[in-house]
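The structure appears right after this line, and notes come after that.
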Amino acid sequence: MVNIFGLDIEEIKEAISKLNIPSYRSKQIADWMYKKGKNSFYDMTNLPKNLQSTLATEFEISPPTLTQRLDSKYGDTSKFLLSFDENTAVETVLMRKKYGNSVCVSTQAGCNMGCAFCASTLLGLSRNLTATEMFGEVYYVENELRKEGISVTNLVLMGSGEPLMNYDEVIKFLRLIHDENIMGIGYRNITLSTSGIVPNIYRLIEENLPITLSISLHAPNDELRTKLMPINKKYPLKDVVEAGQLYAERTKRRLTYEYILIDGINDEKNHAVELSELLRGQLANVNLIPINPVKERNFYRPSKEKIAAFLNYLLKSNISATVRKEMGKDVNAACGQLRNRYLEEGN
Ligand code: SF4
């Protein structure tokens, strides 16, 4: 049985043409599947009965299934552990914000980038996700929101995985989710977060997709950054920042630099001074993120005063900067912890 979930209109056309089904039916099928969230051909009521049963014999529609769900008591965040097959589950997060409903998408099951503060990398990389699977994450949340009469409006590729290490499938996913026959999410409402895979930042520039690029810096010099993010050995700060600047110039999109604040590690005045020097004059915003402690590491959140002092130093140095608003404190343990617990329990 062929799974047609995640195919675009042209691919559906091709699949049904083998059964001599006219091509205009592909748009109707896509509409039911993607715009109305129907997984059964028998619910597609504008298709003739005999066509419904032919489709049901030849094809299936298999989006991901829910393994676990956690809802914040504050009502702003929901975490979904979604399974694609018996060995692969990832976390997808819905954040309800003032400007809309944002979904944090995982691009790999696990991750092998080894960032010292991240739970997603503790069990290594299981595998890359396909474009269809990433699409399935957003589709699942969209169907949940449809029950409330609302929609997904924004995406951040910031869940488990390094998106630029799964380049081709991520680009395919972005084009799929942007397709107005599928979900029609504007590129300007999409942010891709990377640890700085320099050659693929240059490739992304050539794709000409006006998405926002967010680069994880987390340290203002190579020595400290290599300790926190081993990828820095391969792609040092200077090269990462240069690639980021070209991205901002060519796309006219303001770049975001993510900077996790870890008590006593990268949050002292000398770090703020170095960071200001590194970023002076750039079209960029620094997003300061007080760390969510990871129990396996000895990393703690700085005090409110230290966070404010770091922010103020950057602002005084004319560096645009903000502190990320904390959401869903009760379910918002570090990314990857829900999946890790699930895997550790022997699933
Ligand atoms: S922060 Fe991102 S790139 Fe680094 S280990 Fe975690 S998931 Fe991978």
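The values are calculated or read from the model by the stated rules, or taken from the named source; none is laboratory data. As the structure is a computational prediction, the values presented were derived from the model and not from experiment. All Cβ positions, glycine included, derive from the backbone under ideal geometry; neighbour counts span all protein chains shown.
Odds and ends about this structure:
- Odd one out for residue 175, checked against (1) surrounded by 17 or more Cβ atoms within 10 Å (Cβ to Cβ); (2) more than 16 Å from the ligand (Cβ to nearest atom); (3) assigned to a helix (DSSP H, G or I): (1)
- Test result for residue 112, within 11 Å of the ligand (Cβ to nearest atom) and surrounded by fewer than 18 Cβ atoms within 10 Å (Cβ to Cβ): yes
- Any chance residue 206 is among the acidic types (Asp, Glu), under 26 Å from residue 308 (Cβ atoms) and either surrounded by 18 or more Cβ atoms within 10 Å (Cβ to Cβ) or without any contact (Cβ under 8 Å) to a residue 12 or more places away in the chain (or both): no
- Within the stretch 59-80, considering residues that are modelled with pLDDT of 95 or more and aliphatic (A, V, I, L, M), the one farthest from the chain's Cα centre (by Cα): 61
- Test: residue in the stretch 63-79 that is within 16 Å of the ligand (Cβ to nearest atom), in contact (Cβ under 8 Å) with a residue 40 or more places away in the chain and not in a loop (DSSP other than H, G, I, E, B): yes
- In the stretch 131-154, the residues that are within 16 Å of the ligand (Cβ to nearest atom) and either surrounded by fewer than 24 Cβ atoms within 10 Å (Cβ to Cβ) or of a type outside the set (D, E, K, R) (or both): 134
- Flag for residue 226 being under 16 Å from residue 245 (Cα atoms) and among the hydroxyl-bearing types (Ser, Thr, Tyr): no
- The number of residues in the stretch 126-147 that are of a type outside the set (A, V, I, L, M), in a loop (DSSP other than H, G, I, E, B) and touching a residue at least 40 places away in the same chain (Cβ under 8 Å) comes to 1.
- Which numbered condition residue 225 misses (of (1) within 22 Å of the chain's Cα centre (by Cα); (2) within 13 Å of the ligand (Cβ to nearest atom)): (1)
- In the stretch 80-109, the residues that are of a type in the set (D, E, K, R) and either crowded, with 21+ Cβ neighbours inside 10 Å or within 11 Å of the ligand (Cβ to nearest atom) (or both): 91
- The residue of the stretch 288-321 that is farthest from the chain's Cα centre (by Cα), among those that are under 18 Å from residue 244 (Cβ atoms) and either at pLDDT below 95 or part of a helix (DSSP H, G or I) (or both), is 314.
- Qualifying residue in the stretch 90-109 (condition: at positive phi, over 17 Å from the mean Cα position of the chain (by Cα) and in a loop (DSSP other than H, G, I, E, B)): no
- Filtered by the rule that a residue be within 29 Å of the chain's Cα centre (by Cα), surrounded by 12 or more Cβ atoms within 10 Å (Cβ to Cβ) and not in a helix (DSSP H, G or I), the stretch 22-58 gives 37, 38, 39, 40.
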